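The values are calculated or read from the model by the stated rules, or taken from the named source; none is laboratory data. Here the structure is a predicted model, which is why all the values come from computation and not from measurement. When we count neighbours, we look across all protein chains shown, and the Cβ atoms used for this are built from the backbone with ideal geometry, even at glycine. To get the accessible areas, we keep the full protein, side chains included, count just its heavy atoms, and leave off ligands, DNA and RNA. Shrake-Rupley method; radii C 1.70, N 1.55, O 1.52, S 1.80 Å.
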Amino acid sequence: MKAAIASGKGGTGKTSVTASLAAIWDSPVVAVDLDVEAPNLHIFLQPRIEGRAPAYLVVPEVDLQRCNRCRACAEICQFKAISVLGDVVLTFAEMCHGCGACQAVCPTQAISPGRRELGEISWGLAGDVGFLMGRLRVGEAMSPPLMRQVQARLAAMTADGRDVLIDAPPGVSCPAVTAVMAADAIVLVTEPTPFGAYDLDLARQAFAPLGKPMGVVVNRAGLGDERVYGLCARHGLPILAEIPYERAIAEAYSRGEVIARTGPRQEALFRNLAGRVCRLAEQRMPCAEGRHA
Amino acid sequence: MPEIVVLSGKGGTGKTSLTAAFAHLAQDHVICDLDVDAPDLHLLLAPRRLSSTAFVSGHKARIDPARCDGCGRCAQVCRFGAVTAGSPAVIDPLRCEGCKLCVTLCPAEAIEFPATHCGDWYLSETRLGPLVHAQLFPGEENSGRLVALLRQQARQLAARLGHRLILADGPPGIGCPVISSLSGADLALLVTEPTPTGLHDLERVVELCGHFRVPAGVLINKSDLNPRQADAIAAFCAARGLALLGHLPHDPAVTEAMVQGLAITEYRPDGLAQTLREIWSRVQDRLSASTGPQTNPMTAIHPLN
């Protein structure tokens, strides 16, 4: 079972919810941070890092001896990453999406694969919770290629069929969609404010074409207004949990604490949420028996 | 034309609420919402749209089932796992990167490559000043290009109106749309909160500002939630030579103002608003220090735009 914890609006509590679920999860689980631009899950889970590997994107390297300046590469490139000006061939590695089109169409095999560093992937253990994260290099613009490499490593880590909790990036464009693509269920974390409701509606529209079951966690319940509830009712989005708006919770968060570990009431809230997430995912695939009963 | 962009790294620290407040305090400015993915500023500004323009950028590959003979070449060459071989092959538009490789190599010429309408952008009027904004369709890409387009439109509009400042609400993170928002700006206002995640993400966005040589100032929002963590952020700013522009307390009035569709300075002119006025005056001092009295508008144009 793979659940993605996502949201349209940033700062609604995705990471906090992911960390709390990981902390109380009953069966073997890997928690993965796919918010590679601003990865924060490690701050809460404090994993022991066991390995790191740099992640690269394949970009073109041009052999000027072999190149006949035919411009086929520049003509096919959709990303303005390679151009031929008279006798000069310019490559702009930071614009390259790594599609390999230039190399495939070059008639003289003058293009070979070079690389650009996207960031770093690291993994380890937080107690008995498997941990995996990607960290985008500062200055790198493209997060989806790094996310796809984190997902490839995730597939290898979970070949034994253990559960996955994905901490997704905010927003509803390509990085967010890339993050939830492999999930069986999507948990949308929001807050009951006009911004929370507007962005929840965007997230619902962005993820609906994926055909995955979705549910909502209302964080800071009691703050703001009722728009979020109306939206959920209109679109048949089940409310999986409400985390109350309490200064004590906000303060615990500000100390880097895992909310599910701050008291029996909070732990019960997240145990109940875990069961509901699992049942939501069951709409797509069966969960292990007896889990979160 | 001086440009201020409000950023944070971490989402939900208060960028949009503070941008609205500054839009209320500023004069002769153009407002710009550069969070084209999940824009919220319009919820506070109630814009009246003067124009709406389609944003068409990039292409997507699409199989013509009548011509596809099922050879599987497209699935073989796609590096994005977007194609499922078959007769006909199927392309997942959400995974298609728009690179044109399959289109070019298809022996049956069965793959079309239409341009993508990714969203719309708007010029609007609001009670707090003219607004340039957009909405990327949910799930679309090319947000960096749309951000660059909005900034260009904002500069043109400001020049036309004779306005002296562009105030932009930025997106979260440090990737493509943030780089597009930041490069060539005159001042980055970094809104953070006194939490370990707030500081962690602030460090990354500060590094990004350094990378693009954009001067930055820091605002600690909800600073009383954890005064020790707020001190740690102040120490970080001092160590990096960053201007600490002020502290704002955690105040439910910010959400009340949001529910009313108002900037916090409009909703309640005392308390928090007084602190915000002091901060805004420091921002203006910073801006004149970083741009100088005789700003050449050409310096705001960066090669990446």
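Using +1 on the beta carbon of Lys and Arg, -1 on that of Asp and Glu, and nothing else charged, what's the dipole of segment B:61-113 about the Cα centre, debye to 20?
Taking the Cα centre of segment B:61-113 as origin, the dipole is about 140 debye.
Given Cα pairs under 8 Å that are at least 6 residues apart, what percent is the relative contact order of chain A?
Over chain A, the number comes to 27 percent.
Measuring from centroid to centroid over Cα atoms, what is the spacing of segment A:99-134 and segment B:49-72 in Å?
27
Note down the relative contact order for chain B as a percent, whole number, built from C-alpha pairs under 8 angstrom at least six residues apart.
Averaging sequence separation for qualifying contacts and normalising by length gives 27 percent for chain B.
If one takes the longest principal axis of the Cα atoms in chain B, at what angle in degrees, from 0 to 90 and to the nearest 10, does the Cα axis of helix B:272-291 lie?
So the helix axis and the longest Cα principal axis differ by about 70 degrees.
At a threshold of 8 angstrom on Cα-Cα distance, excluding pairs fewer than six apart, so keeping six or more, what relative contact order does segment B:61-113 reach in percent?
Reported as a whole number, the value is 47 percent.
When Cβ neighbours within 10 Å are restricted to other protein chains, what is their mean count per residue of peptide A:8-16?
That average works out to 5.
Taking Cα atoms, how many degrees apart are the long axis of helix A:264-282 and the longest axis of chain A, rounded to 10 and kept between 0 and 90?
60
Report, please, the projected area of the protein assembly as shown averaged over directions, based on the convex hull of its C-alpha atoms, in nm².
Projected area, direction-averaged: 27.7 nm².
For segment B:125-142, what does the Karplus curve 6.51 cos²θ - 1.76 cosθ + 1.60, with θ = phi - 60°, yield as ³J(HN,Hα) per residue in whole Hz, taken in order and with x for Gly and Pro?
10, 9, 5, 9, x, x, 10, 10, 8, 7, 9, 6, 5, x, x, 7, 10, 6
Can you list the residues of segment B:2-23 that have at least 20 square angstrom less accessible area with all protein chains present than in their chain by itself, probe 1.4 Å?
Those residues are B:LYS10, B:GLY11, B:GLY12.
Are there any residues in segment B:111-139 with a reduction of at least 40 Å² in accessible surface when going from the isolated chain to the assembly of protein chains? Probe 1.4 Å, please list them by number.
SASA drop of 40 Å² or more in segment B:111-139: B:PRO138, B:GLY139.
Give me the residues in segment A:96-120 whose solvent-accessible area, probe 1.4 Å, is reduced by at least 40 Å² once all protein chains are included instead of the chain isolated.
When all protein chains are present, A:HIS97, A:CYS99 each give up 40 Å² or more of accessible surface.
Give me the summed buried accessible area for the A-B pair, 1.4 Å probe, to the nearest 100 Å².
5000
So which lysines pass the test for A:LYS2, namely a Cα distance under 23 Å, with those fewer than 8 places away in the same chain ruled out?
Filter leaves A:LYS14, A:LYS212.
Within straight cross-link reach of A:LYS9, meaning Cα distance under 16 Å, which lysines are found once same-chain residues fewer than 8 apart are removed?
Answer for A:LYS9, where 16 Å is the Cα cut-off: B:LYS10, B:LYS15, listed by chain and number.
Quickly estimate the mean residue ellipticity at 222 nm for chain B, helices only: each DSSP H run with n ≥ 4 gives -39500 (n - 2.57), and the total goes over all residues, rounded to 500.
My calculation for chain B gives -11000 deg cm²/dmol from helical runs alone.
Rounded to the nearest whole Å², what accessible area per residue is found for segment B:61-113 with the 1.4 Å probe?
Averaged over the residues of segment B:61-113, the accessible area is 52 Å².
Can you pull the percent of the protein assembly as shown's accessible area that's carbon plus sulfur, 1.4 Å probe, other chains left in place?
50
Sort by residue number and report every cysteine in chain B with no other cysteine beta carbon within a distance under 4.7 Å.
Singleton cysteines: B:CYS32, B:CYS68, B:CYS71, B:CYS78, B:CYS96, B:CYS106, B:CYS118, B:CYS176, B:CYS209, B:CYS237.
For a quick check, take a GNM of chain A with Cα springs below 10 Å and name the residue from A:VAL138, A:VAL36, A:VAL17 with the largest mean-square fluctuation.
For chain A, modelled as a Gaussian network with Cα springs under 10 Å, the answer is A:VAL138.
Which lysines, on any chain, are close to A:LYS80 with Cα under 28 Å apart, when same-chain ones fewer than 8 places away are left out?
B:LYS60, B:LYS100
Just the ratio, please: alpha-carbon radius of gyration of segment B:189-233 over 2.2 N^0.38 Å, N its number of residues.
It is 1.14.
How would B:CYS71, B:CYS102 rank on accessible area, largest to smallest, probe 1.4 Å?
Descending order: B:CYS71, B:CYS102.
Could you sort the peptides A:154-164, A:56-66 by per-residue average Cβ neighbour count (10 Å cutoff), highest mean leading?
So the order, starting with the most tightly packed, is A:56-66, A:154-164.
Counting partner chain Cβ atoms within 10 Å of every residue's Cβ in A:198-204, what's the average?
4
Over segment B:163-305, what per residue volume does the convex hull of the Cα atoms give, in whole Å³?
Cα convex hull per residue, to the nearest whole number: 127 Å³.
Rounded to whole Å and ordered largest first, report the semi-axes of the equivalent ellipsoid of chain B derived from its Cα gyration tensor (root of 5λ).
Each semi-axis is the square root of five times an eigenvalue, giving 41, 21, 19 Å.
To test your reading of the geometry: what angle, between 0 and 90 degrees and rounded to tens, separates the Cα axis of helix B:15-25 from the longest principal axis of chain B?
With both axes taken from Cα atoms, the answer is about 50 degrees.
Radius of gyration and Dmax for chain A's Cα atoms, expressed in Å?
21.8, 71
What is the mean projected area of the alpha carbon convex hull for segment B:61-113, to one decimal in square nanometres?
Projected area, direction-averaged: 2.8 nm².
Show B:PHE22, A:PHE92 ordered by accessible area, largest first, where the area counts protein heavy atoms only and the probe is 1.4 Å.
The residues order as A:PHE92, B:PHE22, largest area first.
Summarise the partner chain shielding of B:97-109 as one whole number: the mean count of Cβ atoms from other chains within 10 Å of each residue's Cβ.
4
So if I restrict to the alpha-carbon atoms in segment A:190-293, what is the Rg, and what is Dmax, the biggest pairwise distance, in Å?
14.9, 40
Give the peptides A:188-198, B:221-231 in descending order of average Cβ contacts within 10 Å, highest first.
A:188-198, B:221-231
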